[in-house]
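The values are calculated or read from the model by the stated rules, or taken from the named source; none is laboratory data. It should be emphasised that the depicted structure is a prediction, and the values quoted were computed from it without experimental measurement. Cβ placement follows ideal geometry from the backbone for every residue including glycine, while neighbour counts extend to all protein chains displayed. Heads up: the accessible areas ignore ligands, DNA and RNA and are worked out on the full protein's heavy atoms, side chains in. Shrake-Rupley method; radii C 1.70, N 1.55, O 1.52, S 1.80 Å.
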Amino acid sequence: MIVANPAGPDIPRLSRHNAPRELRIGASAPQETGIVHIGLAQFHRAHAAVATAQALAAEPGPWGIVGIAPHSPKNVRAMREQDFLYSILQLTPEGESVGIVDVHRDALVAAEDPQAAVDAIAAAHHKIVTLTVSEVGYRKDPERIGLNLDDAETVADFANKEAPTTVIGLIARGLERRFAQGGAPVTILSCDNMQSAGTLTRALVLEFLKRAEASPEIFDWIDAHVTFPNAMVDRIVPATTDATRQRVAELTGVWDEAPVPAEAFTMWVLEDKFAAGRPAWERADGVVFSDEVEKYEQVKLRLLNGSHSLISYLGALDGRETIPASRTQPFVEECVRRAIEDEFLPSIDLPSSFDAAAYVDQLFIRWTNFALGDLVARVGSDGSAKILQRVPIPALRLLRMGKMPEQMALLVAAWIACVCPPAGFEPGEIARAMVEPKRDFLREATAGVDLPTEHAHAVLTSGLFPQELAEHDAFVARVGELLELIVNDGVRAAASEALRGV
């Protein structure tokens, strides 16, 4: 196939016939599929898929992947058109390199064919179902470990056996069908940035089945034959742009419509709890099997992801388009270092023999990767879900000690200013580009409120945040004070005040 190259003459579309063999990462998967992956966007394709290719090079097995996109057909169509091949553009300060991944053997869109998605999960030869659907994809209740019963699609799926529309609905119906077809064992493996993601996924699936009035026998089968390991996944993967595609074409001589830019660093920590076997992932770069996954999760969710959020919201309000451009502002670096040292790090039960100082030093190097150019707007998107994973525990720890978590208050204030600004305040184009699924909810919660302090109070007491945090009047007031400074004097003045307040 010949496609128009936006930056030059026509070049051939990437395919199995023209893919440079020397660029292949690991080994190609066989035609036999053993893994179903839900969420066919950037993160999976730069992480678990790469680890699977490397594992197959070390130990062959039936581990081809069926990719399921919940809604968007874009990557499914692109991958189908190029024989399920795609490239990883690794970007480092030292230079660029390209590798080609060949482990996917089919792909579909659940919204277009939910029965095919359910069938894939139910198929006995599929031994692992992995997920990267972001925090919002789980439709979790913000106040408890359970489904959000205010979510209309989730509730509708309780009675929707034939065409579930939610991710948890797809998995639950797939397990129901699998059980009815003989009950072959299977592992459900969440790779999303959530504390105890496997434990949470299991709780959500079980609640769904109970509310859907599934057969009582299925619960005994799940206890005996379905595992939900916890895992921590870490690699910074920005959005693909036309510049990504063009650079891949220049380096490979073929046009890839679905390349993935990524940093060099990669890490995947998993519990070794697989009901029906797994690839030799321990032979892949950065993969660790450990009984301390939850401790590694705390490290990543707070030190990396929590700090990432702070960098993004401060940077957006300061007019910085990329994470490196934001992180290298002295006021941003000082706030992030203070957040890590005083608030995030003391709240973490560190893994055995973990070198926290070296990890933090590495984080600042990763955040300064101008070649990667990760966008502030991307990192700041879905903030309502991310903040609830990253702020309450370190904030409440200090509040219970009678101390003010200044940087957590600043993070919340900056997030509010970006995605739900007080009347009359314009946060700028970068903040406006952030995707916020709770934007309408936040607007309703703050309707009729004029002052920034009252605006912050309305957000924090809207029911979005945990009750204990919302009832800390001093914290709510501090967020309001910092939001008022952002509105009246700018984000640098608010950051300076938060730094003085420690």
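What the table shows:
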item: Test result for Pro279, crowded, with 23+ Cβ neighbours inside 10 Å, touching a residue at least 40 places away in the same chain (Cβ under 8 Å) and assigned to a loop (DSSP other than H, G, I, E, B); result: yes
item: When residues of region 438-475 are limited to those that are in contact with a helix residue (DSSP H, G or I) (Cβ under 8 Å, 6 or more places away or on another chain) and farther than 28 Å from Gly137 by Cα, the one surrounded by the most Cβ atoms within 10 Å (Cβ to Cβ); result: Pro452
item: Total residues in region 78-87, condition open to solvent by 10 Å² or more (accessible area, probe 1.4 Å) and either more than 16 Å from Arg16 (Cα to Cα) or of a type outside the set (A, V, I, L, M, F, W, C) (or both); result: 3
item: Number of the exception - Ile168 against (1) at pLDDT 95 or above; (2) more than 30 Å from Pro392 (Cα to Cα); result: (2)
item: Single residue of region 148-193 satisfying the filter (of a type in the set (Asp, Glu) and assigned to a helix (DSSP H, G or I)) that is nearest to the chain's Cα centre (by Cα); result: Glu153
item: Verdict on Leu131 being open to solvent by less than 10 Å² (accessible area, probe 1.4 Å) and either acidic (Asp, Glu) or over 27 Å from Ala262 (Cβ atoms) (or both); result: no
item: Some residue of region 56-73 being more than 25 Å from Thr165 (Cβ to Cβ) and of a type in the set (Ser, Thr, Tyr); result: no
item: Top-ranked residue in region 134-145 [being assigned to a loop (DSSP other than H, G, I, E, B) and at negative phi; ranked as least open to solvent (accessible area, probe 1.4 Å)]; result: Asp141
